[in-house]
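Shown next, in structure tokens, is the structure this report addresses.
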Amino acid sequence: MQDNATLIDYIQQEMKVQIDDKIDPSKPRVRPVPRPGYAFRDNDRIQFQSRDFATMLWNKCGLRDRWTELWQHPKTGLDALYGDSVAITDRGMSGRHQPKARIRRAVGLSRNIRMYRYQNGQSFGAHYDESVTDMNDDEEGDGQETVSEYTVLIYLNGDKDSDLIGGETVFYPKGKKTTTSAVTGTGTGRQAMKKGAKGSKSSSAGVSEQADKDSNSASSMFYTLPNGGVAVKPQQGLLLVHKHGDECMLHEGLIVERGYKYVLRTDVVYEP
Ligand SMILES: O=C(O)CCC(=O)C(=O)O
Ligand SMILES: [Fe+2]
């Protein structure tokens, strides 16, 4: 992220403090009952609507300036990964007429700001993020409709600045089974403990952690799981963007094994 230190500092002040104030981490927690059809999640969270905050974040986190470049890069661009679906829609398709390609504009970040805190044992089960339509119908709003297209996660801490272990965000290629796992241990000998349906039986599966020790290299930010999942390790200031809606990859937030994991969640929104 651009302005990394200042922005992270600001978010920590404004939000980390808020969640810690509102939901005392030392209080005994009630484990929520899993709801059929919904991903299990037991992380603490706060949520608020703020257009000002969303605009500030869009301007300062580096996404606004890099967005076009991000989706147009021929190899790593989001267009290359997701085809034309991101920027071009086929509105107007009817009968035998050819669809008319139309470039859609990313408007900014969603005003729906969420802040998560996970602690020991907490996780966010495998799920897909939905696309949400919003109307800027509040007082300062221009009445414009927006559609969310990408999830944005900003990690506020990691294992280098706190005692966090676990809490990786894992993405699964189509058709791969999720791990629904606890990741334990440290260093290169990490093991993924695969839990049985009721968490009773467990068998271990190796995790191929990438050997690169450079803390800023991409390979130290993620590793692959034997089942094909790609695990992104929380790291302070790391911003993760992924497509959601119809093209969302199945993903989950693994169990936090030690310490706390703080994440800010918003979305990149487009004109309809
Ligand atoms: O906390 C994470 O690692 C994942 C969060 C997530 O998937 C979501 O907010 O939809
Ligand atoms: Fe998600």
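Details
- Label-to-label distance for GLU139 and ASP246 is 3.9 nm, based on points extended 7 Å past Cα in the beta-carbon direction.
- ASP20/ARG105 FRET efficiency (R0 41 Å; Cβ-Cβ; nearest 0.05): 0.65
- Extension reserve of the ALA5-ASN227 stretch, reckoned as 0.36 nm per residue once the Cα distance is removed: 76.4 nm
- Probe 1.4 Å - accessible area at MET56, Å² to nearest ten: 40
- Segments 264-271, 61-68, 233-240, 35-42 sorted - mean Cβ within 10 Å per residue, highest first: 264-271, 233-240, 61-68, 35-42
- Taking 0.36 nm per residue of separation and subtracting the Cα-Cα distance, full extension of the segment from VAL33 to ARG66 would add 7.8 nm.
- GLU130, GLU139, reordered so the largest accessible area comes first (probe 1.4 Å): GLU139, GLU130
The values are calculated or read from the model by the stated rules, or taken from the named source; none is laboratory data. The structure displayed is predicted, hence computed values, not measured ones. In this analysis, Cβ positions are derived from the backbone assuming ideal geometry, glycine residues included, and neighbour counts consider all displayed protein chains. Ligands, DNA and RNA are excluded from the accessible area calculation, which covers all protein heavy atoms including side chains. Shrake-Rupley method; radii C 1.70, N 1.55, O 1.52, S 1.80 Å.
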